[in-house]
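Trainee: Have a look at this one before I ask anything.
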Amino acid sequence: MPNTVTSTPREDGYRMPGEFEPHAGTWMLWPTRTDTWRLGAKPAQDAFVQVAAAIAEFEPVTIGTASCQFEHVRNLMPEAVRVVELSSNDAWMRDIGPTFVVNDKGGVRGIDWGFNAWGGLHGGLYFPWDQDQLVKQKVLEMECMDRYDLQHFILEGGAIHVDGEGTLLTTRQCLLHRNRNPHLTKRQIEKLLRDNLNIKKIIWLPGGMRNDETDGHIDEVAAFVKPGVVVMSWTDDPDDPQYAVLHEAYARLRRERDAKGRRLEIHRLPIPAPLAISDEEAGRIDRSRHSYSRQAGTSFAATYVNFYICNGGVVIPAFGDRRDADALQLLSRLFRDRKVVQVNTREIALGGGNIHCITQQQPRG
Ligand code: KQY
């Protein structure tokens, strides 16, 4: 029977592994919210099927869905994908799913962080988020895995990246935002990250991409390729709205050392040209006064860095932009020992995230 553990992962010898370490599988959720996804979520559903199918070529995938969509999802998904009944308010498993930690004896446990839909009643993206909040615990129950109860600390998985060797990357904009944990100081937040993820060094970037809806998640800005090597979003165009934040992030990363005292090798990956919701797309999104307004002309953050690393593969976004091919080329060079697969994810980007945001890795024990 899974237990709720009252010590910390650090005390118990657990750490959060890098995404590039071996996985038992990937968790996803099925998109249905018609105020996030246009045309009754059908185009987004097609994109989620393509992402799940691409990952399933490399490792087991489980997708959670509401009971009323079960047969539909089962019908659309490749047979290799496990479909389970699992309610949620939207489909961002990175932020809603547990963060798994491992020890060196093959043990795997899960952290059940608090979640408030990216800002609660002060800038959050929808109301309510009661079903999202139960997803971490339900996943851990299904996996019969022990759980650390961190519900008192709001943290989304997309707000952190780790190298598995004691370094964590994040942004001040998100983790120190007053709509997440206003009762905690920076020092207290650092202690929670150290104790629960077994981190020795936290690299704080000032902010995330503009128009990213999440108050600056790191997973739109940069990712670890492996310990010591980072790939980050980039633009050389001073007129691009992302120019200032990305140049500031680069300057900060260049000055930093990781937990092992290494300087970081940084690769800059050009982002696509600025993207915005078209009139036609906006006209097919249901309006709700309790959710983020997706109007025609609203810009959305788009980057190739929001990829997902799986066993032997990397699934990366495409946007129908001329830089798609360059991204495939650079990431194939950086991940020489993996097959890099590209999926057009504009429909997912319209909902405010990308492949990394809709997936959560469960490490191999
Ligand atoms: O993990 C992410 N970067 C999440 C994106 C959430 C967007 C909600 N619309």
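Trainee: Tell me, what ³J(HN,Hα) does each residue in the range 17-33 have, in order and in whole Hz, if you take phi through Karplus 6.51 cos²θ - 1.76 cosθ + 1.60 with θ = phi - 60° and put x for Gly and Pro?
Mentor: x, x, 4, 7, 7, x, 10, 7, x, 10, 9, 9, 10, 8, x, 9, 5
Trainee: Just to verify a number: what accessible area does THR8 come out at with the full protein assembly present, 1.4 Å probe, Å² rounded to tens?
Mentor: Looks like 30 Å² after rounding.
Trainee: Given H placed 1.01 Å from N in the peptide plane, which residues other than close sequence neighbours of GLN360 have an amide H under 5 Å from its amide H?
Mentor: It is TRP27, by chain and number.
Trainee: If you don't mind, there's one more thing I want to ask. I'd like the antiparallel share, as a percent to the nearest 5, of DSSP beta bridges with both residues in the chain.
Mentor: 40
Trainee: I've got another one for you. Report, in whole Å, the centroid distance computed from the Cα atoms of the range 1-79 and the range 267-344.
Mentor: The distance from the Cα centre of the range 1-79 to that of the range 267-344 comes to 18 Å.
Trainee: To continue, here is another question. Return the subset of LYS105/LYS226; LYS105/LYS200; LYS42/LYS136; LYS138/LYS260; LYS42/LYS226 for which the Cα-Cα distance in this structure is over 29 Å, preserving the input order.
Mentor: The answer is LYS138/LYS260; LYS42/LYS226.
Trainee: May I ask you to derive the relative contact order of the chain, considering only C-alpha pairs under 8 Å and at least 6 residues apart, and to give it as an integer percent?
Mentor: 23
Trainee: Same structure again: For the chain, modelled as a Gaussian network with Cα springs under 10 Å, which listed residue fluctuates most, THR185, THR303, THR32?
Mentor: Among THR185, THR303, THR32, the largest GNM mean-square fluctuation belongs to THR185.
Trainee: Out of residues 5 or more away from ASP146 or on other chains, whose amide H comes under 5 Å of its own, with H placed 1.01 Å from N in the peptide plane?
Mentor: It is ASN3, GLY110, by chain and number.
Trainee: Also: What does the helix-only formula give at 222 nm for the chain: each DSSP H stretch with n ≥ 4 adding -39500 (n - 2.57), the total divided by the residues, and the result rounded to the nearest 500 deg cm²/dmol?
Mentor: Roughly -6500 deg cm²/dmol at 222 nm, from the helical runs in the chain.
Trainee: With all protein chains present and a 1.4 Å probe, how do TRP37, TRP129 order by accessible area, largest first?
Mentor: Order by accessible area, largest first: TRP129, TRP37.
Trainee: Moving on to the next point. So what is the accessible area of the chain per residue, in Å², with the probe set to 1.4 Å?
Mentor: On a per-residue basis, the chain sits at 40 Å².
Trainee: Express the carbon and sulfur contribution to the solvent-accessible surface of the chain as a percent, rounded to the nearest whole number, probe 1.4 angstrom.
Mentor: Here carbon and sulfur together make up 46 percent of the probe-accessible area.
Trainee: What does DSSP give for the range 104-203 in terms of the percent of beta bridges that are antiparallel, rounded to the nearest 5?
Mentor: Of all bridge pairs located within the range 104-203, approximately 20 percent are antiparallel.
Trainee: Pick out which of ILE189, ILE202, ILE355 has the largest mean-square fluctuation in a Gaussian network model of the chain, springs linking Cα atoms closer than 10 Å.
Mentor: It is ILE189.
Trainee: In debye, nearest 20, what is the charge dipole magnitude of the range 243-304 about its Cα centre with +1 on Lys and Arg Cβ and -1 on Asp and Glu Cβ, if you could check?
Mentor: Once rounded to the nearest 20, the dipole reads 500 debye.
Trainee: Kindly sort LYS201, LYS226 by accessible area of their heavy atoms, largest first, with the probe set to 1.4 Å.
Mentor: LYS226, LYS201
Trainee: Please arrange LEU275, LEU121 by accessible surface area, largest first, computed with a 1.4 Å probe and ligands excluded.
Mentor: Order by accessible area, largest first: LEU121, LEU275.
The values are calculated or read from the model by the stated rules, or taken from the named source; none is laboratory data. Owing to the predicted nature of the structure, the values given are computational and were not obtained by experimental measurement. Neighbour counts are summed over all protein chains in view; Cβ atoms, including those assigned to glycine, are modelled from backbone coordinates with ideal geometry. Surface accessibility is based on the protein's heavy atoms, side chains included, excluding ligands, DNA and RNA. Shrake-Rupley method; radii C 1.70, N 1.55, O 1.52, S 1.80 Å.
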